[in-house]
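Have a look at the structure below before the remarks.
The values are calculated or read from the model by the stated rules, or taken from the named source; none is laboratory data. Just so it is clear, the model here is predicted, and its values are computed rather than measured. Glycine also receives a Cβ, built like all others from the backbone with ideal geometry; neighbour counts cover every protein chain displayed. The area values use the complete protein model at the heavy-atom level, side chains included, leaving out ligands, DNA and RNA. Shrake-Rupley method; radii C 1.70, N 1.55, O 1.52, S 1.80 Å.
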Amino acid sequence: MINLRRTALLICALALAVVAPAAQPRPQTAAGQNPARERVLLGLKLRPEVAAWLEEVERKLGREVYAEFAQLGPEDGGEGFVGGENYVTERGAAVIRINFNFQTAANRKRLEATLTHEILHLRQRARGFPAFMFDEAGSSPRVPLGELNEMELTGALMEAVEHHAILPDLHRLGLDTVADMIGGLAWTRGKGVSPDHPLHAIYYLRAMLEYNDPARLRELEQIYRRNRWARSLQRGARIAQIIRSASLSTPAEMTTVYLRCLTELFGGLYRFTARPAPSQFPRDRIFPTIPVAVTFTRR
């Protein structure tokens, strides 16, 4: 099976400039603080509501959340800028990794926004919202699964859906983790990504869902039009409408929306079908990793 859990890190990147790396401190955990009242993670005192979300995750997992500052970028190589990431290991341990540039006092607000963002994603996992993987055994042998997940495309789409679900909580707290779509487009050009690559549709749908400033969205649209990426504009807009019009309050709803978005992302060429989730690892008892079979759509 091809794992879709890890997101496309550049799309998750906060709209920040790279600064000179600072010395990395020792990793920290969320242990040793008073429950739901005062929690400190990576030197930051969490707001009570955020601390409560963190403890919800820890109660579900039965262990502390591990957090560390790290050098982050595509494949952790530092190329591009990534604010943070999170994941749950096969043994059910939750991990948060934050870009070590956020240790400085000048980046305190960015650290809070990024930590809160990652805790909210872990809360989704604690509440049973699934991860996905392509099911090679259940898919048509002629479907190019590797190409479908090129540049972690399917994980980037899942990040867009999940991020839309947590945006109300972030906005209520006055925190902003809007991705740098224009910088992302520059990165794709540097990588020689083809004009019709579905990644361009994902950049645009993220902008539609997250940009509160119409001028920023118009600026992005002008770049698409200058590059004649009309198909990506249209496809991104359709996917954004699917996400906006749907409820994402339950794992079942999230699964349905994600499969609909996958179908639209690849132009209706494939049919994506969720299959029974395995229970091989302790993590599977907390939230499922759903196999997705891919077949060709009959026309």
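Output yes when any residue across the stretch 183-198 is polar (S, T, N, Q) and open to solvent by 30 Å² or more (accessible area, probe 1.4 Å), and no when none is. Yes: one or more hits. Among the residues of this structure, Thr263 does not count as one that is modelled with pLDDT of 95 or more, assigned to a helix (DSSP H, G or I), out of contact with any Lys or Arg (no Cβ under 6 Å at 6 or more places or on another chain) and open to solvent by less than 30 Å² (accessible area, probe 1.4 Å).
Tell me whether the stretch 149-164 contains one or more residues that are of a type outside the set (D, E, K, R), over 14 Å from Tyr203 (Cβ atoms), in contact (Cβ under 8 Å) with a residue 40 or more places away in the chain and surrounded by fewer than 17 Cβ atoms within 10 Å (Cβ to Cβ).
no
When Glu253 is tested against (1) under 17 Å from Met158 (Cβ atoms); (2) surrounded by 15 or more Cβ atoms within 10 Å (Cβ to Cβ); (3) out of contact with any helix residue (DSSP H, G or I) (no Cβ under 8 Å at 6 or more places or on another chain), just one condition goes unmet, and that condition is (2). The condition of being within 25 Å of Pro278 (Cβ to Cβ) and surrounded by fewer than 17 Cβ atoms within 10 Å (Cβ to Cβ) holds for only one of Glu90, Glu68, Glu49, that being Glu90.
The rows are residues; the columns are (1) modelled with pLDDT of 95 or more; (2) within 12 Å of the chain's Cα centre (by Cα); (3) under 25 Å from Pro278 (Cα atoms); (4) in a helix (DSSP H, G or I).
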residue: Val95; (1), (2), (3), (4): yes, no, yes, no
residue: Lys109; (1), (2), (3), (4): no, no, no, yes
residue: Ser140; (1), (2), (3), (4): yes, no, yes, no
residue: Gly146; (1), (2), (3), (4): no, no, yes, yes
residue: Gly155; (1), (2), (3), (4): no, yes, yes, yes
residue: Leu175; (1), (2), (3), (4): no, no, no, no
residue: Gly183; (1), (2), (3), (4): no, no, no, yes
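Taking the conditions (1) part of a loop (DSSP other than H, G, I, E, B); (2) more than 16 Å from the chain's Cα centre (by Cα); (3) not polar (S, T, N, Q) in turn, Leu248 satisfies each one other than (2). Could we say that Ala240 is over 28 Å from Phe129 (Cβ atoms), out of contact with any strand residue (DSSP E or B) (no Cβ under 8 Å at 6 or more places or on another chain) and assigned to a helix (DSSP H, G or I) here? So Ala240 fails the test. Within the stretch 117-130, at least one residue is at pLDDT 90 or above and surrounded by fewer than 17 Cβ atoms within 10 Å (Cβ to Cβ).
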